[in-house]
Amino acid sequence: RLQYVPAYYDAAKANIDNPTLEYTQLAIGQNKGAFSVLKDELLTKVDASNLSSSDKALFVKRFNAAKAAINGYIDFLTELEKSLVENGNARSFRIGEKLYEEKFALDIQSGYSAKEMYHKAVADKERVTAEMVKITDKLWPKYFPNTERPSKDRDAVAKLIKHLSVKHVARDEFVPEIKRQIPDLEAFVREKDLITLDPEKPLVVRETPEYMRGFAGASISAPGPYDKKENTYYNVTPLDNMSDEQAESYLREYNHWILQILNIHEAIPGHYTQLVYSNESPSLIKSIFANGAMIEGWAVYTERMMLEEGYGDFEPEMWLMYYKWNLRVICNTILDYAIQVKGISKEEGLDLLMNGAFQEKAEAEGKWRRATLSQVQLTSYYSGYREIYDFRESLKAAQGDDFNLKAFHEQFLSYGSTPVKYVKALMTDK
């Protein structure tokens, strides 16, 4: 396939028309990541192989042509970036209200408009912040026995979070610690009988491949229904390229408590578990054409569900950090809508995340960058979670003592990665 690489990049150059500056910069970084695969080590392996001399020579020729094509494309993008910056004529990454509403309706399929979901998120932000204030008042004497509580609630919560966040792993232990936590999550789920886990479907924690970096710090790469016995990869980006200051900020964000919530979300019983069930759905359509809000909503739902079932031993510190994490999900929706529709500035966006959602600067900067590279996707977490949780609570109220949490989970996941409103209809025959 190497022989087609030059033509591929020629086509890419011809296709580019009035890009955003943000996408141009992302493309430069990601294409540089291709050299983590096309490196001299590959030539050494081919040279030591059993290929014929002519095949080896052909490989070297195509390898060099492919590298030259990628370098040429990076040079092309670099010149384009320079032109966009100097002339100030890059296309805006903001798509406006009309296109945003259309994309939201097609991508999320929630039954609510984007504007309605935005207002629900704003209301939930106030509710969750109030819960954080209650926990702060409870914990203040424990951590600051000789310090007067700040008069402003926001300042008190922020001070406590800052104090607790120093408890985190060392930067070189970030990926290994994630690996260590997975068996504990599996054991808890089995002990509480929350959902059946398939021991034959492996989860492999790995460092994010370089060509996939630059968008999210943690993600899941799952096989589809035609390859469902293959590995599911939990991609975790190491902190190698961060300065000491950046790494410390990042680790404070993913502190002792939040790192556990991250693993619930990405792995067990979040994305990994849901996608295993999705592959077993009798409908290939529902498995292949996945709804992002259902997938992300399930992962967010499991965070709260696990704590409700006793993960973390109902420790108030865990709940405080959960609410902080949940506030981030809520603010994802607020931020995305405000950027794309209301046109808020970067300074206003960072203020929302750092002062309104108690996020560290490194996390807030990364979220702003992500919000300039996508539209609507950031709302999928909150909208899916809100609908799943509300649906579960309505069933609990209707069924009373007959409600079974494990049965709810397994039936809910049995329909593949279907929009929540359709899962709800299938489960209630409405």
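The values are calculated or read from the model by the stated rules, or taken from the named source; none is laboratory data. This is a predicted model, so every value here is computed, not measured. All Cβ positions, glycine included, derive from the backbone under ideal geometry; neighbour counts span all protein chains shown.
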**Request:** Starting from segment 181-197, keep only residues that are within 12 Å of Gln260 (Cα to Cα) and touching a residue at least 12 places away in the same chain (Cβ under 8 Å), then list their pairs with residues that are buried (at least 18 other Cβ atoms within 10 Å of the Cβ) and of a type in the set (S, T, N, Q) whose Cβ atoms are within a distance under 7 Å, requiring at least 6 positions of separation or different chains.
**Result:** Gln181/Gln260; Gln181/Asn263; Ile182/Asn263; Leu185/Asn263
**Asked** Are any of the residues in segment 323-331 in contact with a Leu (Cβ under 8 Å, 6 or more places away or on another chain), of a type in the set (A, V, I, L, M) and assigned by TED's automatic domain parsing to the domain that holds Leu405?
**Response** no
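For (1) assigned to a helix (DSSP H, G or I); (2) buried (at least 18 other Cβ atoms within 10 Å of the Cβ); (3) among the aliphatic types (A, V, I, L, M), each residue gets a yes or a no:
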residue	(1), (2), (3)
Glu97	yes, no, no
Lys125	yes, yes, no
Val133	yes, no, yes
Asn146	no, no, no
Val157	yes, yes, yes
Lys162	yes, no, no
Lys167	no, no, no
Asp172	yes, no, no
Arg180	yes, no, no
**Request:** Go through segment 193-206 residue by residue and tally those that are touching a strand residue (DSSP E or B) at 6+ places or on another chain (Cβ under 9 Å) and exposed (fewer than 15 other Cβ atoms within 10 Å of the Cβ).
**Result:** 3
**Fill in**
When segment 66-92 is checked residue by residue, the ones that are within 16 Å of Gln30 (Cα to Cα) and polar (S, T, N, Q) are Asn71, Thr78
**Asked** Across segment 248-262, what is the number of residues that are assigned to a helix (DSSP H, G or I) and under 13 Å from Gly217 (Cβ atoms)?
**Response** 7
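Could you check segment 190-210 and list, in sequence order, the residues that are out of contact with any helix residue (DSSP H, G or I) (no Cβ under 8 Å at 6 or more places or on another chain) and in a helix (DSSP H, G or I)?
Arg190, Glu191, Lys192
For Ile344, state whether it is of a type outside the set (Asp, Glu), in the same structural domain as Lys228 (by TED's automatic domain parsing) and outside any helix (DSSP H, G or I). Spell out how you get there, then give the answer.
Numbers: of a type outside the set (Asp, Glu): yes; in the same structural domain as Lys228 (by TED's automatic domain parsing): yes; outside any helix (DSSP H, G or I): yes.
Judged against the criteria, Ile344 is a match.
Taking the criterion of being free of Cβ contacts under 8 Å to residues at least 12 places away in the same chain and part of a helix (DSSP H, G or I), would at least one residue in segment 13-22 satisfy it?
yes
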**Request:** Determine whether Glu363 is of a type outside the set (Gly, Ala, Ser), touching a Ser or Thr at 6+ places or on another chain (Cβ under 7 Å), outside any loop (DSSP other than H, G, I, E, B) and touching a residue at least 60 places away in the same chain (Cβ under 8 Å).
**Result:** no
**Message:** Being hydrophobic (A, V, I, L, M, F, W, C) and part of a loop (DSSP other than H, G, I, E, B) is the filter here; which residues of segment 105-123 pass it?
**Reply:** Ile108
**Fill in**
In the set Ala338, Ala364, Ala397, Ala407, the lone residue that is of a type in the set (A, V, I, L, M) and at pLDDT below 95 is Ala364
**Request:** Those residues that are over 16 Å from Asn15 (Cβ atoms), touching a residue at least 60 places away in the same chain (Cβ under 8 Å) and of a type outside the set (A, V, I, L, M, F, W, C), I need them from segment 73-92; list them, please.
**Result:** Glu81, Ser92
**Fill in**
Restricting attention to segment 99-119, the residues that are buried (at least 18 other Cβ atoms within 10 Å of the Cβ) and within 27 Å of Arg154 (Cβ to Cβ) number exactly 2
**Message:** Quick check on Ser374: is it modelled with pLDDT under 95, in the same structural domain as Glu245 (by TED's automatic domain parsing) and either more than 24 Å from Gln340 (Cβ to Cβ) or of a type in the set (Ser, Thr, Tyr) (or both)?
**Reply:** yes
**Message:** Can you list residue pairs whose Cβ atoms sit under 6 Å apart, with the first residue in segment 98-120 being touching a residue at least 12 places away in the same chain (Cβ under 8 Å) and the second being aromatic (Phe, Trp, Tyr)? Count only pairs 6 or more apart in sequence or on different chains.
**Reply:** Ala114/Tyr100; Ala114/Phe104; Tyr118/Tyr337
**Asked** Which of the residues spanning segment 206-226 are under 17 Å from Pro176 (Cα atoms), among the aliphatic types (A, V, I, L, M) and touching a residue at least 60 places away in the same chain (Cβ under 8 Å)?
**Response** none
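If the requirement is being within 26 Å of Glu348 (Cα to Cα) and part of a helix (DSSP H, G or I), which of these qualifies: Leu378, Leu426?
When all the criteria are applied, what remains is Leu378.
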**Asked** Of (1) closer than 25 Å to Arg190 by Cα; (2) part of a helix (DSSP H, G or I), Tyr311 satisfies all except one. Which?
**Response** (2)
**Fill in**
With criteria (1) closer than 30 Å to Gly349 by Cα; (2) in a helix (DSSP H, G or I); (3) free of Cβ contacts under 8 Å to residues at least 24 places away in the same chain, Asp55 comes up short on (1)
**Among the residues listed as Tyr9, Tyr4, the single one being under 33 Å from the mean Cα position of the chain (by Cα) and farther than 30 Å from Ala371 by Cα** = Tyr4
**Message:** Going by what's in this entry, would Gln246 be described as touching a Leu at 6+ places or on another chain (Cβ under 9 Å), more than 19 Å from Thr208 (Cβ to Cβ) and not small (Gly, Ala, Ser)?
**Reply:** no
